[in-house]
Structure formats: C-alpha cells, structure tokens
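Visitor: Structure in structure tokens, see below.
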Amino acid sequence: MKKIENRGIDQGLFLEIVQAMDDIPVVQSTKMRIKYLQAGGAGVEMLVIRDFENSRGLLHGGLIATLADTAMGLSMLSLNIRGLTLELNINYLAPVEIGSRLTAQARVIHAGENSLVVEADVYDQRQNLVAKSRGTFFMKA
C-alpha cells in the first residue's frame, strides 16, 4: 500500500481524517484511497473496475462524481471543517475505460461564514483531464 502524503496539516488531524476515510462504506466499496492532504486540498485515487461499468463498457459517470465529491469533502476536512453537499456540478470531458486509474485533485476556493465552494479536477493515469467539478457545501458544526 502506498504511503499517504501529509503536505503540512496538523498530524493529529491528518491521522483522524485517514482513519475516518477507512470507515466509510462507499470508500471501501469503491476502493478509493487518499494520495495526499494539504491545507484546503486533497488528492484521492480510484482504480476503475468492471463493477463500475455503464451500458457502453465505460466508467459510469456517477462514480466520477463520487470520486470528486469525496476529494472535495476531504479538502474541507483538511481545514478541520465538516460540510454537507448542497450542490454539485460536473462536466465530463472524456470517457474513462475500465482498468484506468483516476485521481481527483480538490481545493477549497472560498470559505464563507456558512458555506464553502470547492473545485475538483479528475485525471486519468496519463494525466488527461476527464472531468471538472465544483460544489457548494454547507458548513456543519
């Protein structure tokens, strides 16, 4: 298993996030894993398996949205902010084949009093941009 990179957040918070990620059922079933955490940012990786196939033999877009949403959630957690997704927008830019490895790179772009705006870019293993996503999140105490 590859090491998760801590890019400068508090070590206690880092360990708390990593442990919590391991306990999330959708993360377990999709086998997502954190690549890195930094203040206001996160990278999450997912191997595209046949179970995620759509009727055309490609990755179902809902899994890309799940990967992006997860990375965006982790980018908020890296700031010790918990949030709930209010709105999620995604643009699919390229098809993804089974067997691909995707990486979502998320970053908080605005943190207000009650809400955050977060973006995520999703890349395949050749660093082709396959999707762009933006979400609005409600800050939860």
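Visitor: Taking the stretch 37-118, which GluC sites (Glu not before Pro) meet the DSSP loop condition and have no more than 12 other C-beta atoms within 10 Å?
Guide: Hits after loop and neighbour filter: E113.
Visitor: Report, in degrees rounded to the nearest 10, the 0 to 90 angle that the Cα long axis of helix 11-22 makes with the longest principal axis of the chain.
Guide: With rounding to tens, the tilt is 40 degrees.
Visitor: Can I ask one more? Could you line up T30, T70, T85 from fewest to most neighbouring Cβ atoms inside 10 Å?
Guide: Going from least to most buried by this count: T85, T30, T70.
Visitor: Let me ask another. Quick query: amide H of A131 versus all other amide H atoms, modeled in the peptide plane; which residues come in under 5 Å with a sequence gap of 5 or more or a different chain?
Guide: Those qualifying (amide H under 5 Å, at least 5 residues apart or on another chain) are L93, V122.
Visitor: Then there's this: With +1 on the Cβ of every Lys and Arg and -1 on the Cβ of every Asp and Glu, and nothing else charged, how large is the dipole of the stretch 37-141 about its Cα centre, in debye rounded to the nearest 20?
Guide: Dipole magnitude for the stretch 37-141 comes out near 60 debye.
Visitor: Calculate, for Q19 and K132, the FRET efficiency according to 1/(1 + (r/R0)^6) with r their C-beta to C-beta distance and R0 35 Å; round to the nearest 0.05.
Guide: 0.70
Visitor: In whole angstrom, how far apart do the alpha carbon centroids of the stretch 17-71 and the stretch 98-127 sit?
Guide: Cα centroid to Cα centroid, the span is 11 Å.
Visitor: So, one more: Of the residues V26, V130, V96, which exhibits the maximal mean-square fluctuation in a Gaussian network model of the chain defined by a 10 Å Cα contact cut-off?
Guide: Of V26, V130, V96, the most mobile in the Gaussian network model is V26.
Visitor: Here is a follow-up. Residue separation times 0.36 nm, minus the C-alpha to C-alpha distance between Q125 and M139: what's the value?
Guide: 1.8 nm
Visitor: Can you list the aspartates and glutamates whose alpha carbon is less than 12 Å from that of K31, not counting same-chain residues fewer than 8 positions off?
Guide: D22, D23, E45, D51
Visitor: Work from the charge dipole of the chain (Cβ charges, +1 for Lys and Arg, -1 for Asp and Glu, about the Cα centre) and give the residue of A94, L37, L79 farthest towards its positive end.
Guide: The listed residue farthest towards the positive side: A94.
Visitor: Multiply the residue separation of H110 and N91 by 0.36 nm, subtract the distance between their alpha-carbon atoms, and state the gained length in nm to one decimal.
Guide: Extra length available between H110 and N91 comes to 4.8 nm.
Visitor: Could you point to the label whose value was computed as Kirkwood radius over Cα pairs in Å for the structure here, given (i) 16.0; (ii) 17.2; (iii) 15.0?
Guide: The value matching this structure is (iii).
Visitor: Also: For the chain, find the longest principal axis of its Cα atoms and tell me its angle to the long axis of helix 61-77, 0 to 90°, nearest 10.
Guide: Helix 61-77 sits at roughly 20 degrees to that axis.
Visitor: How much length is gained if the chain between L79 and L47 is pulled fully straight, taking 0.36 nm per residue apart and subtracting their Cα-Cα distance, in nm to one decimal?
Guide: 8.9 nm
Visitor: Here's something else I'd like to know. When the chain is treated as a GNM, springs tying every alpha-carbon pair under 10 Å, which of L77, L15, L129 comes out with the largest mean-square fluctuation?
Guide: For the chain, modelled as a Gaussian network with Cα springs under 10 Å, the answer is L15.
Throughout, read-outs are computed from the coordinates displayed, never taken from laboratory work. Treat the numbers as computed from the prediction; the structure is a model and nothing was measured. When we count neighbours, we look across all protein chains shown, and the Cβ atoms used for this are built from the backbone with ideal geometry, even at glycine.
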